Every structure is written in C-alpha cells, then in structure tokens.
1. For residue 19, list the aspartates and glutamates whose Cα falls under 16 Å from its own Cα; do not include residues on the same chain fewer than 8 positions away.
2. Roughly how much of residue 29 is accessible, in Å² to the nearest 10, using a 1.4 Å probe?
3. In the full protein assembly as shown, how much of residue 116 is accessible to a 1.4 Å probe, in Å² to the nearest 10?
4. Amide H neighbours of residue 48 under 5 Å, at least 5 residues apart or on other chains, H built in the peptide plane: list them.
5. Can you tell which of 91, 60, 74 shows the greatest fluctuation in a Gaussian network model of the chain with Cα springs below 10 Å?
6. At a probe radius of 1.4 Å, what is the per-residue accessible area of residue 88, in Å² to the nearest 10?
7. Once label points are set 7 Å from the Cα along Cα→Cβ at both residue 32 and residue 58, what is their separation, rounded to one decimal in nm?
8. With springs only between Cα atoms under 10 Å, which of 54, 42, 65 fluctuates most in a Gaussian network model of the chain?
Amino acid sequence: QVQLVESGGGLVQPGGSLKLSCAASGSIFSINYMGWYRQAPGKERELVAEITSGASTNYAASVKGRFTISRDNAKNTVYLEMNSLKPEDTAVYYCNCNIQTGWSVRAMTYWGKGTLVTVSS
C-alpha cells in the first residue's frame, strides 16, 4: 500500500512564497512520474507542474517562472517551491505520483489528500 502526504500549505500574502512537500511511503519499488495539481473553488483540477524520473520538468503557463518542482529520490519526496504568489494561486494542491510497487508490478497512479494554499492580504 502506498500513501502520499502533502505538507507546507497555508496562508500567505500576495507576492509571498511557500514550499510544498509530498512524501511517498509504503511498498515502493520505483517512482516514475511525480506531479502537482491544484483545484480552486468552482474549477476543475489542473496540472501545475510535473517531473519525470529523469528530472525533466513541465509547468503550466500560469506558473512558469514563479514555481519550481524538484524531487529527492532518496526520500521519495517531491517539492513545489512557489514564489511571487498571486490570489489566483489559491487552491487545494494535490500530489500525484506514478509508482511501481514491485519489479513485475504495473505502475499505478496515486493521489494525496491535498493541502490548502490561500493567497490573500
């Protein structure tokens, strides 16, 4: 069984910064894709940033240049550093990982429960 636990959310003023973390635990053989999604009230969940096992990254246009995704493979953890935050960044942020739990086991996608980020003065 695999669990993803996000942390680091909170209330921040416009222009401020936050760093989110998502730690994967359980029976993990390898972690392929790791990503962050967000869902604002009344809106659909959207991709924020993603990083492959080879450290290739991809960002939503709305966060490019402000957010940085990174991963620590030794800790099975993915991070999202968010700078120059705007009120429109307010959302619940979810961690999403594609994880293989055994050598011959097909990788599956797992979701965390989310962490709330509120950008407001």
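1. Counting by Cα, and skipping residues close in sequence, residue 19 has these aspartates and glutamates nearby: 6, 50, 72, 81, 89.
2. Surface accessible to solvent at residue 29 totals approximately 110 Å².
3. Rounded to the nearest 10, the figure is 100 Å².
4. Amide H to amide H, under 5 Å and 5 or more residues apart or across chains, residue 48 pairs with 36, 37, 38.
5. It is 74.
6. Here the accessible area works out near 130 Å².
7. Taking the two extended label points, one gets 1.3 nm.
8. Of 54, 42, 65, the Gaussian network model singles out 42 as fluctuating most.
The values are calculated or read from the model by the stated rules, or taken from the named source; none is laboratory data. Because the structure is a prediction, the values reported are computed rather than measured. Using ideal geometry, Cβ is built from the backbone for each residue, glycine included, and neighbour counts are taken over all protein chains shown. We work out accessible area using only protein heavy atoms, side chains counted, and drop any ligands, DNA or RNA first. Shrake-Rupley method; radii C 1.70, N 1.55, O 1.52, S 1.80 Å.
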